[in-house]
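A short write-up of the structure that comes next.
The values are calculated or read from the model by the stated rules, or taken from the named source; none is laboratory data. Just so it is clear, the model here is predicted, and its values are computed rather than measured. All Cβ positions, even for glycine, are placed from backbone atoms using ideal geometry, and neighbour counts span all protein chains on display.
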Amino acid sequence: MDLTPQLLLAAYCQGIFPMAHEDGEIYWYDPQPRAIIPLNGFHMPRSLARTVKKRPFTIRANHDFEGVIRACADPGRGLTWISEQIVTAYIELHRLGFAHSVEAWQNGRLVGGLYGVAVGGLFAGESMFHHERDASKVALVHLVRTLRRGGFRLLDIQFMTDHLAQFGAIEIPRALYKSRLRHALQVEARFEEAG
């Protein structure tokens with residue numbers, strides 16, 4: 001099955017997203033429960049707040065989307081669900097203005113970041129990586145600021161992890177997620193340069 005932009009966007013609008021398995025096959029997911037980070041309930045741990053204040057990274061948006069997704073897909077990080085087919089599909093979504101990256105740079109080098117898909121007032125966070133301590137966390141802080149500023153209503157993180165729980169992530173029933181998704185899709189939000 002080809003992961004066309006039209007198929008991907010239709011899936012996100014229904015709350016479904018793809019992941020590749022070890023066999024290379026694409027499987028579709030609609031988790032129960034669903035994990036989100038409430039944009040008005042984002043929690044920044046004190047140590048991270050100190051790091052953000054020091055500004056150790058230059059933060060950019062959409063400067064090197066391909067670099068971010070390939071770093072997230074790096075098999076050196078362990079088992080990855082981001083196959084070459086997914087990389088290619090999301091680079092195309094980025095080219096069309098629906099997939100975005102927030103990047104942490106240090107001394108001219110990409111050292112952390114994240115990417116996801118924006119449709120209406122939904123931002124579906126897909127993956128993050130770091131080569132320097134706290135780089136992906138600082139990128140997440142900037143993502144949340146960008147989403148708030150742009151009028152987004154829903155930050156979907158798909159599955160709960162201990163790492164994301166520290167930022168105020170919560171799990172909600174699938175039915176509630178679908179309701180919030182419907183409302184978010186009616187919003188005209190804008191993803192603009194992080195800062």
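Tabulated data for the structure shown
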item	result
Filter pass, Gly41 being in contact with a Ser or Thr (Cβ under 7 Å, 6 or more places away or on another chain), surrounded by fewer than 14 Cβ atoms within 10 Å (Cβ to Cβ), assigned to a loop (DSSP other than H, G, I, E, B) and in contact (Cβ under 8 Å) with a residue 40 or more places away in the chain	no
Some residue of the stretch 138-146 being among the small types (Gly, Ala, Ser), under 13 Å from the mean Cα position of the chain (by Cα) and surrounded by 22 or more Cβ atoms within 10 Å (Cβ to Cβ)	yes
Filtered residue count, the stretch 11-38, keeping only those that are of a type in the set (Val, Ile, Thr), over 21 Å from Ala73 (Cβ atoms) and part of a loop (DSSP other than H, G, I, E, B)	1
Of residues in the stretch 7-18 being over 14 Å from the mean Cα position of the chain (by Cα) and surrounded by 16 or more Cβ atoms within 10 Å (Cβ to Cβ), the one nearest to Gln186 (Cα to Cα)	Gly15
Test: residue in the stretch 127-134 that is of a type outside the set (Asp, Glu), touching a Phe, Trp or Tyr at 6+ places or on another chain (Cβ under 9 Å) and assigned to a strand (DSSP E or B)	yes
Restricting the stretch 44-68 to residues that are assigned to a strand (DSSP E or B) and of a type in the set (Val, Ile, Thr), the residue that is surrounded by the fewest Cβ atoms within 10 Å (Cβ to Cβ)	Thr58
Tyr29 of a type in the set (Ser, Thr, Tyr), touching a Ser or Thr at 6+ places or on another chain (Cβ under 6 Å) and surrounded by 13 or more Cβ atoms within 10 Å (Cβ to Cβ)	no
Lone unmet requirement of (1) modelled with pLDDT of 95 or more; (2) of a type outside the set (Lys, Arg); (3) in a loop (DSSP other than H, G, I, E, B) for Leu8	(3)
Subset of the stretch 69-108 that is of a type in the set (Gly, Ala, Ser) and surrounded by fewer than 16 Cβ atoms within 10 Å (Cβ to Cβ) - its residue that is modelled with the lowest pLDDT	Gly78
Criterion (surrounded by fewer than 16 Cβ atoms within 10 Å (Cβ to Cβ) and not acidic (Asp, Glu)) met by exactly one of Phe129, Phe152, Phe159	Phe159
Search result, residues across the stretch 99-121 that are among the polar types (S, T, N, Q) and part of a strand (DSSP E or B)	Ser101, Gln106
Answer residue from the stretch 170-195, given it is under 24 Å from Arg60 (Cα atoms) and of a type in the set (Gly, Ala, Ser) and is modelled with the lowest pLDDT among those	Gly195
Lone qualifier among Gly168, Gly120, Gly116 - being under 13 Å from Ala35 (Cα atoms), small (Gly, Ala, Ser), under 16 Å from the mean Cα position of the chain (by Cα) and crowded, with 16+ Cβ neighbours inside 10 Å	Gly168
All positions within the stretch 136-194 that are under 15 Å from Gly120 (Cβ atoms), without any contact (Cβ under 8 Å) to a residue 60 or more places away in the chain, assigned to a helix (DSSP H, G or I) and out of contact with any Phe, Trp or Tyr (no Cβ under 7 Å at 6 or more places or on another chain)	Ser179, Arg182
